[in-house]
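Any read-out appearing in this document is the output of simple, stated calculations on the displayed coordinates, not a laboratory observation. No experiment lies behind these values; they were computed from the predicted model shown. Note that each Cβ is placed from the backbone with ideal geometry, even for glycine, and that neighbours are counted across all protein chains shown.
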Amino acid sequence: MEALLQPKRVRVHFDESHSESWSICRARAKAISPSYPEYSSYQEAANLLTAREFDVHRVRSGQLTDPVLSQTDILVLVHPCDPKWERTLPGGSPRLSAEEIAAIHHFVELGGSLLVISEYEHDKYCDNLNELLAPYGIRFENGTVLDRVRCESSNPAWVLSEVCDNPIGQRIGRGTRDVCFYQTGWCAVQSRALPALTASAHATPSGACLVAACDTGAGRVVAVADSLLFGDDHIHRKHHEGLWLNLFYWLSVPAFRREGGGRPPAQSVGLPAWRELKEQVNALRSLQKPDGSVSVESHASAAALCGRIASSIERLAGFFTWQETYLARLTQDFADWSKQGFGKPDFHRSLESFEPQRNRRDGLEQLVVFPLYTPNASLDTRFEALVMRCPWPEWLAELERTLYRNEQFAPGHLEDSTDGYGSDCAVLFPETVSAGAKPGHSFATIFCNREARRLQDCARQCCELTGLVLPPEHEPLLHSLPLLEDTVALWDLIHDRSHSLGELPFDPFMIRQRAPFWMYAIEELRVDLRSLMEARKR
């Protein structure tokens, strides 16, 4: 079964315009090393990125200017070199111009990330990478690290690295206890920079820094003192693949942070009619008893509010044209409730016409007004007015069509609401609506943005309290709410479908039949474990 095609969120540009010794294109690498292109190819390394959230491109000519850099999130320079020392890509100079260095510095100041990879005996290659790296407290030294104790195949030039016990080292080096640097140089670090991986204390120089990193607060910078370990020959050996991905996930955090504020607000929440409806429904809520009815002494106030609510709904109907039938029946249900003396509300007719599952379009807004109780908040029946927006990107729709068919699944983002949803409630189910007839199980809505925000807040607090260091590929979830919202939507799709897959020892398992609690907990654990198994396949 093919893996899910993930949305591309981070743009990576490999520079190939400055006499580099490597190319991410195997065919171009063959021009450097005709008999053995793997020796000059980073294609396998690039493929690891394109299989994930990264959109990978090459800069083949021209200068690295502000307009060029504005098109990327991570810039990669892999061993620019004077051709008298190694065969390189044709054209260009290994030295960056003063204008290019200024542009790259500006790029990092704006939140871009930079990965620079060099080699042993650095000075002979005639680049000016140290001038580029100086503001970040990193410098490539001129020499070769040797280690006769921690080395591979008894070759002291093949140095086995160690992970540094600092916040950056613990992230970049997570799961990479077996990494070999093949004839490597080393970095000097100062100021804000930290070593991430080093040679052992037995090496010469002792504890030489092999990978250095700097978090500027806006952008991030990494320098690696050996290029061979990520080439096609070595990328799949030891833990090199893991280190490569760790580097890029760590460097990608500023890009995820830029989208971290979430999506623009829904258009309808700015409409005067919505603001009035919200105010009117909140006022009506204050008149209701726990079963949703209204006391006789408040009938006049309730009748006036119902009239204004119906008027606001009619004004909003021009925006929510795709909900024409539902909104018409909704105003009729309010009129009938008023005529019948404000007893326990019966909104089954409008509920039957509310069908978000039949109109799953990405970004589509829906108006929701029902008398209901709010799970995880209150068992009392109160009117609620919501604006929700459907998250239905093509990749999620394709997954639902092909692998997890579920015509009742209707994910939502809760954009605005009345007071009852100022709580931990993150769902909208027909079973919660006050209706005279037992509602059918026509739709199930999980508010992905609310679940995502809660998960993000809890995870951040957990990391702060425990000192937990998240794996680099998970760190973006703490910075990008849209990424986490998409993750929750995917998880909810698989989770919801899993209730109908596999062994079903608890039958049926609907919202009004969740007693005893331990049985419900077992069922939720069952589908979560199945969801985890399915997610790992994707």
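Figures for the structure shown
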| quantity | calculated |
| --- | --- |
| Cut-off 14 Å between beta-carbons: net charge of the residues surrounding His13, Lys and Arg +1, Asp and Glu -1 | -3 |
| Residue among Pro482, Ser41, Leu251 farthest towards the positive dipole end of the chain, charges placed on Cβ | Pro482 |
| Partner lysines for Lys8 [C-alpha distance under 22 Å; skip if fewer than 8 residues away on the same chain] | Lys537 |
| P(r), alpha carbons of region 267-451 - 10 Å bins starting at zero, rounded % | 10, 38, 37, 12, 3, 0 |
| Dipole-positive endmost among Gly318, Pro345, Tyr421 within region 267-451 (Cβ charges, Cα centre) | Pro345 |
| Under Karplus coefficients 6.51, -1.76 and 1.60, residue-wise ³J(HN,Hα) of region 187-203 in Hz, glycine/proline x | 10, 9, 10, 7, 6, 7, 6, 9, x, 9, 10, 9, 6, 6, 5, 7, 6 |
| Surrounding net charge for Ser312, when Lys and Arg each add one and Asp and Glu each subtract one, Cβ distance under 12 Å | +1 |
| Rg to Rh, two decimals, where region 92-161 supplies the alpha carbon set and Rh follows Kirkwood | 1.09 |
| Beta bridges per DSSP with both ends in the chain, % antiparallel, nearest 5 | 65 percent |
| Protection proxy ranking of 170-178, 191-199 - average other beta-carbon atoms within 10 Å, highest first | 191-199, 170-178 |
| Dimensionless Rg over Rh [region 239-283; C-alpha; Kirkwood] | 1.48 |
| Two-decimal ratio, region 17-56, of alpha-carbon radius of gyration to 2.2 N^0.38 Å | 1.20 |
| Loop trypsin sites (Lys or Arg not before Pro), region 212-290, which have at most 14 other Cβ atoms in a 10 Å radius of their Cβ (DSSP) | Arg237 |
| Reachable aspartates and glutamates, given that their alpha-carbon falls under 17 Å from the alpha-carbon of Lys84 and they are not under 8 places away in the same chain | Glu20, Glu119, Glu121, Asp123, Asp127 |
| Convex hull volume per residue in cubic angstrom - Cα atoms of region 416-467 | 106 Å³ |
| Computed [θ] at 222 nm, helices only, for the chain once each DSSP H run of length n ≥ 4 contributes -39500 (n - 2.57) | -10500 deg cm²/dmol |
| The chain: C-alpha pair distances exceeding 34 Å, % | 50 percent |
| Rounded to whole Å, sorted largest first: equivalent-ellipsoid semi-axes of region 352-436, Cα gyration tensor | 25, 14, 12 |
| With 5 Å bins from 0: P(r) over region 1-135, alpha-carbon pairs, percent | 2, 10, 20, 22, 20, 14, 8, 3, 1, 0, 0 |
| Candidates per GluC sites (Glu not before Pro) in region 96-192, loop by DSSP, up to 15 other Cβ within 10 Å | Glu121 |
| Hits among lysines - C-alpha to C-alpha of Lys289 under 29 Å, sequence gap 8 or more where chains match | Lys278, Lys339, Lys344, Lys438 |
